[in-house]
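Here is the structure we will look at.
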Amino acid sequence: MSAHLPRKSSVALRDPRWLRWSLLAIALAFVALFLVLPLLAVFGYAFEKGLDVWRAAVVDEEARAAIRLTLLVAAIAVPLNTVFGVAAAWLVTRYSFRGKGLLVSLIDLPFAVSPVIAGLIYVLLFGKQGWLGPWLADHDVKIIFAVPGIVLATTFVTFPFVARELIPLMQAQGGDEERAAITLGASGWSMFWRVTLPKIGWGLLYGVILCNARAIGEFGAVSVVSGHIRGLTNTMPLHIEVLYNEYQRTAAFAVASLLALFALLTLVLKQIVGWRMRRIAATEPDA
Amino acid sequence: MRPRWRRQALPGFGLTFGVCASYLFLIVLIPLAALALKSATLGPAEFWNAVASPRALASYRVTFGCAALAGLVNLVLGPLLAFVLVRYRFPGRKLVDALVDLPFALPTAVAGITLTKLYAPNEPLGAWLASLGWKVAYTPSGITVALIFVSLPFLVRSVQPVLEQLDPDIEEAAATLGAGRLTTLWRVVLPALWPAILAGFALAFARAIGEYGSVIFIAGNMPMVSEIAPLLITGKLDQHDYAGATAIAVVLLVTSFVALIAINLLQLWTVRRRSADTR
Amino acid sequence: MSIDVADIHYAYGSAPALRGIDLSIESGELLALLGPSGCGKTTLLRIVAGLEFPQRGRVAFNGRDVTDVSARQRHVGFVFQHYALFNHLSVFENVAFGLRVRRWRLRPKRDELQRKVRDLLDLVQLGDFAHRLPAQLSGGQRQRVALARALAVEPEILLLDEPFGALDARVRGDLRRWLRGLHDRIHVTSVFVTHDQEEAFELADRIAVMNQGRIEQLADPQTLYTQPASPFVCRFLGEVNELPVALHARWSGHDEADVTAFVRPHDLDFVPAAAGGARIESVRDLGPTVRIEARHPALSAPLVAIHERGRFGGSGLAAGQAVAIEARRWVLFRGEQAVTEA
């Protein structure tokens, strides 16, 4: 292995050899210990007792219910946040109005809230002793310890992802293409589908990938509102917790390996999409 | 005269404003208001008892202490990793660059059980560390390890773009002025990175004090020793002590808001200072 | 289609950009909005297009009030400064865009659309580039795609924001002669924004010179040059010598202390004289012309005369020589007011 320099740098930017090698060694050791080792360990532990044990854990009835629920929750929360993210980015980057700064800070707010608190606020609102609890009970609507609560908590936690990705992108792109479309007689929707969406496409996909990864893996918020009813309100991360605490460690790691595989897929997609975005930005005629 | 919002050249102001405002209210503001209202219904004494009980105080010490320690480790190693990724070319660089996001992509529960097993005293790594007298799993050390993992990307990713855009001219200028390479890195490059490093640190810290999934498995959850504040909240919820849970949640929320407001002020200040410099 | 703009006021927040603009543009005219950056010319153009809405004032097309009509319904062609081409669409699809987004009933049939777009691409000489993406074109070609796209919807008004601003000098010259030729053929009412007086003079029928949110003068190029309405217009249209008449410009027939004669360099003469007051400082050969600078002790700025090579040949002027100042043509201003001669 050799450490050489990026092309544009001059002799003056060349670090002494001993410095280069020590920085590289420290950085790689850090990565190996904190990132590579845990990643390999997930798969190691999952297949510790062979493929059959792994397969049995994954096709188990409760595991399959957890997978279905996780996918269902993501399938609701991600589109909701996608629509919101596009609307928020359009609003923030195309108009100036009073309270815009506040709106931008509010969009970021869920990032500052602990997942456990994200769950707690819904319990306080919809739980048995919550503000709306008695009314909900009278009308036989169940939100906490049921699927709607899980969806809400997941939506809260993944709320900013798409908007965060799109706002700087759309700011940089500017709105002249959209204005051109309007002067050419396009309606609002026609402008959106034909001009805006193709323009922001990759950035949107990037945001959706991040949002989806978090939605699938969310643990704290979901754990508070789910009630851990097996086969009904256990998502994959919760199912892992149950298995782990019941000392079915290999089964827990088997399900965990599915999520780790998904995380790897996310990283690959993210890399591809990020690469596409940089390439498009580089060929854009007027930067 | 028509209302102001009608006079926008691009369509969609009313629609997007409506969507954003109602969604924000439904998902974020009303539920957070429920938290504020709940804490307002607690009497001062009740609030204080919940917030300042010895067990709660111990949990803050563990939470904030481990979060700060993890942040400090990343404060040193994160920018170093970013520097290596931006400035050096080595085989596998792109792979390492992609892996930095693993803690964002890997569900926290998966990270939690994996780190626990890795550092458990009956596994090779944990046993070796224990033989050196360092017990990691089920102690605050374990919590710190988990928090280093989850907050690692924040520092790398906040420093990386700044480093990429850093004008090599200033380093060449330093070299022509006779500065050695280490002096240049220390006196020229590092100061340019400080705002990004501190912003990354604040984000990492805010994330770490709220972290739950990756911590609870490795923490051991011994009251007074290795119990984190978010776990105290869920514990109180399990006992239907909503008031107590809310009080501790308020402490956590305020702390992370303060950390994040501090970044915003810092960034504002840096932008002002930088623009004043170029005037 | 004629355009009438009356009493337009516009402010970005608290910063006024336009302060009472009145302007009438005749049907088929090619008008330039000329002024320094920040004078409000682009804002005015965007208000005409419906891309900004004024806080006060009215815009009318052919006498019909369109102040509250959206850009979509105004039916004007707009060419953006950086073209705003749809980068994900081919040249052909860019030009076809305005036709494809029409309501179903008004949308041209497939063959008709093909023919129309082809004709337009031929008009802007890009017939062979139909399937390229904008990123694969040169600046001048992108500019022409933007123009063809705007013309595709058959607008009766064409608005161009700094149409040549992003191009290099040689392409700019070619393209503006081509655009003038195009306008002579299709006669669409056109308004373009520029900060380059040469460009305005070469292209426009009339020029509106703008400064600090107001129109200083609206006139055809010749009038603008020979009878500028204000010192600003005079200065903006090119290099000019400013001589207080009482001191140095008795030839003007005036001697009031507060009147200044504005003389273009090619209208200024230096005549060798024993005690003329001014002294030649430098003589620079610029090829076809010669630039002579003289310094007068009572004036802070040097006086500049530019003579054609032939005329200079016999004058025998050289650095260090004492000279008297003479002018062949001049304009007089008292403060901001033009002094009209009897």
**Message:** Pick from A:Thr70, A:Thr158, A:Thr93 the residue whose mean-square fluctuation is largest in a GNM of chain A, springs joining Cα atoms under 10 Å.
**Reply:** A:Thr93
**Which listed pairs, of B:Lys94/B:Lys135; A:Lys199/A:Lys270; A:Lys100/A:Lys270; B:Lys117/B:Lys236; A:Lys142/B:Lys236; A:Lys142/B:Lys38, have C-alpha distances above 24 Å, in listed order** = B:Lys94/B:Lys135; A:Lys100/A:Lys270; B:Lys117/B:Lys236
**Request:** Under 1.5 on a/c is rounded, so check that first for the stretch C:189-342, then, if it is not, pick prolate when a/b is larger than b/c and oblate when it is not; a ≥ b ≥ c are the square roots of the alpha carbon gyration tensor eigenvalues.
**Result:** oblate
**Message:** Between the stretch B:83-161 and the stretch B:48-79, what is the separation of their alpha carbon centroids in Å?
**Reply:** 18
**Fill in**
Expressed in angstrom and rounded, the centroid-to-centroid distance over alpha carbons for the stretch B:225-257 and the stretch A:172-211 is 43
**Asked** Expressed as an acute angle from 0 to 90° and rounded to the nearest 10, what is the orientation of the C-alpha long axis of helix C:91-100 relative to the principal long axis of chain C?
**Response** 70
**Prompt:** What aspartates and glutamates could a cross-link reach from C:Lys41, if we take a straight Cα to Cα line under 16 Å and drop same-chain neighbours fewer than 8 places away?
**Reply:** C:Asp4, C:Asp7, C:Asp22, C:Glu52, C:Asp161, C:Glu162, C:Asp196, C:Glu199, C:Glu216
**Request:** Can you spot the aspartates and glutamates whose alpha carbon is less than 19 Å from A:Lys49's alpha carbon? Ignore those fewer than 8 places along the same chain.
**Result:** A:Asp60, A:Glu246, B:Glu123
**Complete:** Per the rule of 0.36 nm per residue minus the C-alpha distance, extending A:Lys49 to A:Leu37 adds in nm 2.4 nm
**Prompt:** Quick one: if you stick a label point 7 Å off each Cα along the C-beta vector at A:Arg279 and C:Arg170, how many nm between them?
**Reply:** 3.3
**Three-way shape label, the stretch B:37-171, alpha-carbon gyration tensor, a/c 1.5** = oblate
**Asked** If you build a Gaussian network model of chain C, linking Cα atoms that sit under 10 Å apart, which residue out of C:Gln227, C:Gln114, C:Gln143 swings the most?
**Response** C:Gln114
**Fill in**
Counting only DSSP beta bridges with both partners in the protein assembly as shown, the antiparallel fraction in percent, to the nearest 5, comes to 75
**Request:** Report the FRET efficiency, 1/(1 + (r/R0)^6), for A:Asn245 and C:Gln73, where r is their Cβ-Cβ distance and R0 is 60 Å, rounded to 0.05.
**Result:** 0.40
**Asked** What FRET efficiency would be calculated for the residue pair C:Glu326, B:Ala173, taking the C-beta separation as r and a Förster radius of 45 Å, to the nearest 0.05?
**Response** 0.25
**Prompt:** What ranking of A:Val78, A:Val208 emerges when the number of other C-beta atoms within 10 Å of each C-beta is taken as an exposure proxy, fewest first?
**Reply:** A:Val208, A:Val78
**Item:** Modelled label reach - C:Glu112, point 7 Å along Cα→Cβ, the stretch C:45-89 residues with backbone N closer than 20 Å
**Value:** C:75-76
**Asked** How long are the three semi-axes of the equivalent ellipsoid for chain A, computed from the Cα gyration tensor as the root of 5 times each eigenvalue, in whole Å, largest first?
**Response** 37, 33, 17
**Item:** Using alpha-carbon coordinates, inclination of helix C:110-123 to the longest axis of chain C, degrees
**Value:** 20
**Item:** Projected-area mean, chain C, by convex hull of Cα positions, square nanometres
**Value:** 21.7
**Asked** Setting aside same-chain residues fewer than 8 positions from C:Lys116, which aspartates and glutamates have a Cα under 13 Å from its Cα?
**Response** C:Glu93, C:Glu154
**Request:** Select from chain B the helices, each a whole stretch of DSSP H, whose alpha-carbon atoms run 24 Å or more along the helix axis and whose Kyte-Doolittle mean is at least -1.0; answer none if there are none.
**Result:** B:54-87, B:140-165, B:190-210, B:242-278
**Message:** If I stretch the segment between C:Thr226 and C:Glu239 completely, what's the gain in nm (0.36 nm per residue apart, minus their alpha carbon distance), one decimal?
**Reply:** 3.3 nm
**Prompt:** Helix C:169-186: angle to the longest alpha-carbon principal axis of chain C, degrees 0 to 90, nearest 10?
**Reply:** 60
**Asked** Which whole-Hz couplings ³J(HN,Hα) result when phi for each residue of the stretch C:144-156 is put into the Karplus expression 6.51 cos²θ - 1.76 cosθ + 1.60, θ = phi - 60°, listed in order with x for Gly and Pro?
**Response** 6, 4, 4, 5, 4, 4, 5, 7, 4, 8, 6, x, 9
**Selection of chymotrypsin sites (Phe, Trp or Tyr not before Pro), the stretch A:228-263, meeting DSSP coil and at most 14 other Cβ within 10 Å** = A:Tyr247
**Request:** Enumerate the helices in chain A for which the Kyte-Doolittle hydropathy averages -0.5 or more and the C-alpha atoms extend at least 24 Å along the helix's axis, using complete DSSP H runs.
**Result:** A:61-94, A:197-217, A:249-283
**Asked** What's the Cα-based Rg to Rh of chain B, Rh via Kirkwood?
**Response** 1.06
**Message:** Can you tell me the length gained on complete extension of the stretch B:Leu26 to B:Ala192, counting 0.36 nm per residue apart and subtracting the Cα distance?
**Reply:** 55.6 nm
**Fill in**
One finds, for A:Val104 and C:Arg102 with R0 = 35 angstrom and r their Cβ-Cβ distance, a FRET efficiency to the nearest 0.05 of 0.40
**Asked** Along the principal axes of its C-alpha atoms, what lengths does the protein assembly as shown span, in descending order and rounded to whole Å?
**Response** 109, 73, 62
**Request:** Work out from phi, with θ = phi - 60° and the Karplus expression 6.51 cos²θ - 1.76 cosθ + 1.60, the ³J(HN,Hα) of each residue of the stretch C:301-309, listed in order in whole Hz, and give x for Gly and Pro.
**Result:** 8, x, 8, 10, 10, 10, 10, 5, 3
**Asked** Pick from B:Ala208, B:Ala229, B:Ala127: which is most flexible by mean-square fluctuation in a GNM of chain B where alpha carbon atoms under 10 Å apart are linked?
**Response** B:Ala127
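Where a number appears in this text, it was derived from the coordinates with a stated rule and is not lab data. Because the structure is a prediction, the values reported are computed rather than measured. Heads up, the Cβs are rebuilt from the backbone with ideal geometry, glycines too, and the neighbour counts pull from every protein chain shown.
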